[in-house]
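Written below as structure tokens is the structure these notes are about.
The values are calculated or read from the model by the stated rules, or taken from the named source; none is laboratory data. These figures come from a predicted structure and were not determined experimentally. Please note: Cβ atoms are built from the backbone with ideal geometry, for glycine as well, and neighbour counts cover all protein chains shown.
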Amino acid sequence: MTDTIPEIQLLRPHDKDLGGGFNVRRVLPAAQRRSVGPFVFFDHFGPATEQPGNAHDVRPHPHIGLSTVTYLFEGAMMHRDSLGSVQEIQPGAINWMTAGRGIVHSERKPERLLADTYVNHGLQLWAALPQAHEEVEPSFEHTPAEAIPELAVQGVPVRVLVGEAFGVRSPVKTLAQTVYLDIALPAGGRFELPALAPELAVYMVDGDAQVNGEPAPAHTMAVLPNGQGGVLSADTAVRLMVIGGEPLDGPRYITWNFVSSRRERILEAGADWAAQRMGHVPGETEFIPLPGKPFGVREPDTGTTPV
């Protein structure tokens, strides 16, 4: 009798065109997999060309129970929030906003680039907060690109964006074990990814790769068997993102921009935003209203992550 090798789980994105050629690929949550480590949301946006007169601005909107993690490959975005934070996000930096009991933020084209043509391309992830910290005071932390550890591992350039790996630790502070890596795998390259956390997944940003010898096309996420690493290889150069960490400490309800271990907390947050009780971004009067569905017309679809 031979032991079977656990298979990787391949997640394909749902694509959405937000207009003007701005394409977003959502990989998490997926029907087959709701989370990897603390990450419950994974969006890959762009590459999208920003031109004078068009702006894919995101008006002020709320969050609870999570941290947003924004990382750009190209371009720039201006972050503003209800704490008074004003920070231009640039390639290679990590912007970590902890919503906790509630925060409001916007993401817009920087004023200095209003007359320019440039490309925006990057990732936004959500990390669910541990239950003990779901209602912490909101906060915002910007870590510039030059502060992110970068090293060669097995001859391959690796940036340790969040967490600890290969003997270095990112300065980004988290409330649970979290792994987030940027790996530049060269053409014909091979990389042995160790089991850095109980749950790990690899996302193919801009090209096809192989994970444990299995094809992993561009824009797919390969979730590794629990507690295992994997062998990453590619015929052509490809950028790979590794995410993971400790499993969630219980299921999470995810509705609109809200994440919580308690269903009633989701409903409360919806009522608070509808009444504009969650704060305001200084200097901004626009906002994204609470959607009529799922909150207004029927009971919210408060789907949970697995236990």
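Working only within region 54-104, note down all residues that are buried (at least 21 other Cβ atoms within 10 Å of the Cβ) and acidic (Asp, Glu).
Asp81
I'm trying to understand the selection: among the residues of region 159-191, which are without any contact (Cβ under 8 Å) to a residue 40 or more places away in the chain and surrounded by fewer than 22 Cβ atoms within 10 Å (Cβ to Cβ)?
Glu164, Phe166, Gly167, Val168, Arg169, Pro171
Across region 42-77, what is the total count of residues that are in contact with a helix residue (DSSP H, G or I) (Cβ under 9 Å, 6 or more places away or on another chain), at negative phi and of a type in the set (Gly, Ala, Ser)?
Selection size over region 42-77: 1.
Are any residues in region 155-190 more than 21 Å from Ser35 (Cβ to Cβ) and part of a strand (DSSP E or B), and if so, which ones?
Answer for region 155-190, where residues must be more than 21 Å from Ser35 (Cβ to Cβ) and part of a strand (DSSP E or B): Val156, Pro157, Val158, Arg159, Val160, Val168, Arg169, Ile183, Ala184, Leu185, Arg190.
Looking at Ala115, Ala152, which one is in a loop (DSSP other than H, G, I, E, B), over 27 Å from Gln276 (Cβ atoms) and of a type in the set (A, V, I, L, M)?
Ala115
Quickly run through region 12-55 and pick out the residues that are among the polar types (S, T, N, Q), assigned to a loop (DSSP other than H, G, I, E, B) and more than 30 Å from Ala176 (Cα to Cα).
Once the filter is applied, which keeps residues that are among the polar types (S, T, N, Q), assigned to a loop (DSSP other than H, G, I, E, B) and more than 30 Å from Ala176 (Cα to Cα), region 12-55 yields Gln51, Asn54.
Let's see how each residue does on (1) free of Cβ contacts under 8 Å to residues at least 40 places away in the same chain; (2) touching a Gly at 6+ places or on another chain (Cβ under 8 Å):
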| position | (1), (2) |
| --- | --- |
| Arg26 | yes, no |
| Gly46 | no, yes |
| Glu50 | no, yes |
| Asn54 | yes, yes |
| Asp57 | no, no |
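Applying the selection to region 67-102, what residues are assigned to a strand (DSSP E or B) and of a type in the set (D, E, K, R)?
Glu74, Arg80, Asp81, Glu88
Taking region 135-158 only, how many residues are in contact with a Ser or Thr (Cβ under 9 Å, 6 or more places away or on another chain) and either under 25 Å from Ala234 (Cβ atoms) or among the hydroxyl-bearing types (Ser, Thr, Tyr) (or both)?
Here the count works out to 4.
Mind counting the residues in region 22-58 that are modelled with pLDDT under 95 and in contact with a Phe, Trp or Tyr (Cβ under 6 Å, 6 or more places away or on another chain)?
So the answer is 4.
Within region 241-286, track down each residue that is in contact with a Lys or Arg (Cβ under 6 Å, 6 or more places away or on another chain) and farther than 29 Å from Val162 by Cα.
Within region 241-286, just Glu286 meets the criteria.
Restricting attention to region 138-158, does a residue exist that is under 24 Å from Met204 (Cβ atoms) and either crowded, with 22+ Cβ neighbours inside 10 Å or touching a His at 6+ places or on another chain (Cβ under 6 Å) (or both)?
Checking region 138-158: at least one residue is under 24 Å from Met204 (Cβ atoms) and either crowded, with 22+ Cβ neighbours inside 10 Å or touching a His at 6+ places or on another chain (Cβ under 6 Å) (or both).
Those residues that are charged (D, E, K, R) and assigned to a loop (DSSP other than H, G, I, E, B), I need them from region 228-266; list them, please.
Within region 228-266, Asp235, Glu246, Asp249, Arg252, Arg262 meet the criteria.
Given the structure, is Gly92 at pLDDT 95 or above and within 20 Å of Lys173 (Cβ to Cβ)?
Answer is yes for this residue.
For Pro130, work out the one condition from (1) at positive phi; (2) surrounded by fewer than 20 Cβ atoms within 10 Å (Cβ to Cβ) it doesn't fulfil.
With (1) at positive phi; (2) surrounded by fewer than 20 Cβ atoms within 10 Å (Cβ to Cβ) applied to Pro130, the lone miss is (1).
Scanning for something in contact with a Phe, Trp or Tyr (Cβ under 9 Å, 6 or more places away or on another chain), surrounded by 19 or more Cβ atoms within 10 Å (Cβ to Cβ) and either under 18 Å from Phe287 (Cβ atoms) or charged (D, E, K, R) (or both), does region 113-121 turn up at least one residue?
no
Filter region 232-286 down to residues that are polar (S, T, N, Q) and exposed (fewer than 15 other Cβ atoms within 10 Å of the Cβ) and give me whichever is farthest from Leu72 (Cα to Cα).
Gln276
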